[in-house]
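The values are calculated or read from the model by the stated rules, or taken from the named source; none is laboratory data. Keep in mind that what you see is a predicted model, and the values were worked out from it rather than measured. Heads up, the Cβs are rebuilt from the backbone with ideal geometry, glycines too, and the neighbour counts pull from every protein chain shown. All accessible areas refer to the heavy atoms of the entire protein, side chains included, with ligands and DNA or RNA removed. Shrake-Rupley method; radii C 1.70, N 1.55, O 1.52, S 1.80 Å.
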Amino acid sequence: DAPPIFTINPVTVTQISCFGANDGSISLNFQGGQEPIDFEWEDDPNAGVDRNNLGPGTYTINITDSEPCTISETFVIFEPLELTLSGNVIDALDCDDPNSGSINLFISGGTPPFEFLWSNGATTEDLNNIPPGSYQVEVTDINNCSQSQSFDVIRPSDIVIDVATETLVNCDDLSVAQSF
C-alpha cells in the first residue's frame with residue numbers, strides 16, 4: 001500500500017495590506033496523515049491551520065502524524081513601508097501671472113499604483129499653474145491605504161505705489177515748486 005497523502009498544499013499567504021495593519025494571514029490546506037496529528041506553530045503551539053491578524057515576521061509550523069511523518073514549513077509575512085508624502089512648493093511669484101504656483105508631490109512607501117485627489121478637484125500627482133492658496137491631497141494606494149498632506153502656495157500682495165504731490169505757487173516771485 002502507498003502511504004496516505006500528507007500535505008499542506010495549497011497554502012494561502014496574505015501579506016499585510018497597510019503599514020501597521022497587522023492583517024496578514026496564513027491558511028494551510030491540510031490533507032492526509034494518520035491520526036493523531038499534531039499542528040505546532042513555533043510562536044503559538046495551539047494556533048491550528050488558519051492564522052489571522054498576523055504582524056510582520058517569520059512563522060514556522062511543524063506538523064507530525066502518528067507514523068511519524070513530519071511537515072515543517074516557514075512562511076514570511078511582510079509589511080509594506082509606511083505611505084508618506086512630501087512636496088516641493090513653488091510659490092506664485094511671477095509678477096505677470098497669479099497662477100504661477102506649483103506643487104511637485106513626492107511619495108514614499110505604500111504599494112503602487114496610487115490615486116490622487118486634491119482639494120481643488122485635481123486627480124494628478126502634481127499641480128501646476130495654480131493660484132495662491134491652501135491645497136490638500138489625499139493619496140490612496142492599491143491596498144486602499146491612504147495618507148493626506150497640506151501645502152500652502154503663497155503670493156505676496158501686489159506692490160502699490162502712491163505718490164502724493166504738493167504744488168506750491170508763489171505769485172510774488174512767479175515761481176512754482178512741487179514736493180513729493
Estimated FRET transfer efficiency when R0 is 45 angstrom, pair Val89-Asn53 (beta carbons, to 0.05): 0.65
Which residue fluctuates the most in the chain, going by a Gaussian network model with Cα springs under 10 Å, if the choices are Ser25, Ser17, Ser72? Ser72
Pop out the carbon and sulfur fraction of the accessible area of the chain as a percent, whole number, probe 1.4 Å. 49 percent
As an exercise, use a Förster radius of 22 Å and the Cβ-Cβ distance of Leu117 and Ser157 to find the FRET efficiency, rounded to the nearest 0.05. 0.10
Can you tell me which of Asp44, Asp97, Asp158 moves the most in a GNM of the chain? Springs connect C-alpha atoms under 10 Å apart. Asp158
Between Glu82 and Ser179, what is the FRET efficiency for a Förster distance of 45 Å, r being their Cβ-Cβ separation, to the nearest 0.05? 0.10
With a 10 Å cut-off between alpha carbons and a GNM built on the chain, which of Glu67, Glu79, Glu166 moves the most? Glu166
Kirkwood Rh (inverse of mean 1/r, distinct Cα pairs), the chain, angstrom: 22.5 Å
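Averaged per residue, what accessible area in Å² does segment 72-141 show with a 1.4 Å probe, protein chains only?
Counting only protein heavy atoms, the per-residue value for segment 72-141 is 56 Å².
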Could you tell me the extents of segment 25-118's C-alpha atoms along the three principal axes, largest first, rounded to whole Å? 85, 19, 16
So the label point goes 7 Å from the Cα of Cys69 along Cα→C-beta, right? Which residues of segment 13-54 then have their backbone N under 17 Å from it? 29-40
Below 8 Å between Cα atoms, with a sequence gap of 6+, how large is the relative contact order for the chain in percent? 15 percent
